[in-house]
Amino acid sequence: MRPLSDRADLLRSALLAFMDEHVYPAEAVHERQLETGDRWAEPAVIADLKANAQNQGLWNLFLPDSSHGAGLSNYDYAHLCEIMGRSPIAPIVFNCNAPDTGNMEVLARYGSAEQQAQWLQPLLAGEIRSCFSMTEPDVASADATNIATEIRRDGDDYVVNGRKWWSSGAMARDCKIAIVMGKTDRSAEKHRQQSMILVPLDTTGVVIERAMHVFGYDDAPEGHAEILYDNVRVPAANLILGEGRGFEIAQGRLGPGRIHHCMRTIGVAERALEAMCARVEERQAFGRKLADFDSIGKQIARSRIEIDQARLLTLHAAERMDAVGNKEARQEIAMIKVVAPEMALRVIDRAIQAHGAMGVSQDRFLARAWAHIRTLRLADGPDEVHLDTVAKLERRRQGRATPVSAPGRE
């Protein structure tokens, strides 16, 4: 691996110190405040941490644009993202949490000056939250050409009709804006039918019907919502970039976001391995420490190997993104989207096993972490789609390669 830039190295040191001093001790406080207050309101401890992080310059680290963020490369930010991934509350503390990161990138890259002033600036300041409304219950949304929500032009407005679910972040009290993907022209070429539009959640006709649970967790205070858009009328100026540009925007949004998820996933796996090693040193069974069992040692070793493999592959993808762009690095991105969650699930599962009954309880982070990571194998596109992408690109690459001549017969 190449070294970090001087700027990223300084941020990394500051981030590690902030995590140790402030974030890890606040996790239990965060849980207590959620249990005793409004589950969809931001706990007071988070507001305090955000103010502290912003004062220390640990804010909007994900944005490559130095006018809005830290101005880091994908490779540099990947190292910081791994650190933030170790805690479930860390990303929001530094205003580097999904889906706001992806939405801010969309607005920064594709939004009009008016859209940026109205929505990007308060998002950058951490004053509001946002959600991304793409997935629908009635279609296979991994193929976005299936999206059925209608975005119809009507004079100076667009009218939105459709049902979305898994709109992450929409349950939060401070979530004010949704980026909605739908179809503006069903007669166009299939990848030019879709558009994205900004819909304030207080608009008439926006109905948040329920919170979706993930393996029994409601993921408060952000949550995931099922939303009905019932004749929702918004100004035509709310359309992002133009009609038929939805796929273009989605591809620009997903590249960086996918690598962020992968590096956060590696951070979770690292913390799970640390917890496993600590647990097996302190517990005894059948007259021996758990650490002295050969089977435990092999699980620790495999976990170490798999984490490092996934990290190196993810950093390779980050370097490719920096060097040739997201489109040219799409094979590497697809590969890490399969490898990182699968690896983390194995490591977390081993840690749960070492913890016994405690591993599946609320007294450790492991059960919630497993549930969260398992969703990534769907949320960022199912494994099958990524594997299909890798296979197609590999066949194309092999087809361009010079064939190896078969050995001659004597």
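Details
- Pairs where the first residue, in the range 300-328, is without any contact (Cβ under 8 Å) to a residue 24 or more places away in the chain and assigned by TED's automatic domain parsing to the domain that holds residue 262 and the second is assigned to a loop (DSSP other than H, G, I, E, B) and among the aliphatic types (A, V, I, L, M), C-beta under 6 Å, 6+ apart: 320/329
- Selection count where residues are in a loop (DSSP other than H, G, I, E, B) and surrounded by fewer than 11 Cβ atoms within 10 Å (Cβ to Cβ), scope the range 265-298: 2
- Only one of 233, 258, 245 that is modelled with pLDDT of 95 or more, more than 22 Å from residue 113 (Cβ to Cβ) and either among the charged types (D, E, K, R) or under 17 Å from the mean Cα position of the chain (by Cα) (or both): 233
- Residue in the range 89-99 that is of a type outside the set (A, V, I, L, M, F, W, C), touching a residue at least 24 places away in the same chain (Cβ under 8 Å), touching a strand residue (DSSP E or B) at 6+ places or on another chain (Cβ under 8 Å) and not assigned by TED's automatic domain parsing to the domain that holds residue 376 present: yes
Rundown of residues vs (1) in a helix (DSSP H, G or I); (2) under 19 Å from the mean Cα position of the chain (by Cα); (3) of a type in the set (S, T, N, Q), yes/no style:
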{"site": "302", "(1), (2), (3)": "yes, no, no"}
{"site": "311", "(1), (2), (3)": "yes, yes, no"}
{"site": "315", "(1), (2), (3)": "yes, yes, no"}
{"site": "326", "(1), (2), (3)": "no, yes, yes"}
{"site": "331", "(1), (2), (3)": "yes, yes, yes"}
{"site": "344", "(1), (2), (3)": "yes, yes, no"}
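- The C-beta contact set for the range 189-201 (first residue at pLDDT below 95, second residue hydrophobic (A, V, I, L, M, F, W, C), distance under 7 angstrom, 6+ apart or interchain) comprises 191/247.
- Yes/no for residue 142 being under 15 Å from residue 63 (Cβ atoms) and hydrophobic (A, V, I, L, M, F, W, C): no
- Answer from 38, 48, 20 - the residue that is among the acidic types (Asp, Glu) and touching a residue at least 12 places away in the same chain (Cβ under 8 Å): 38
The values are calculated or read from the model by the stated rules, or taken from the named source; none is laboratory data. Since the model is a prediction, treat every value here as computed from it, not as a measurement. All Cβ positions, glycine included, derive from the backbone under ideal geometry; neighbour counts span all protein chains shown.
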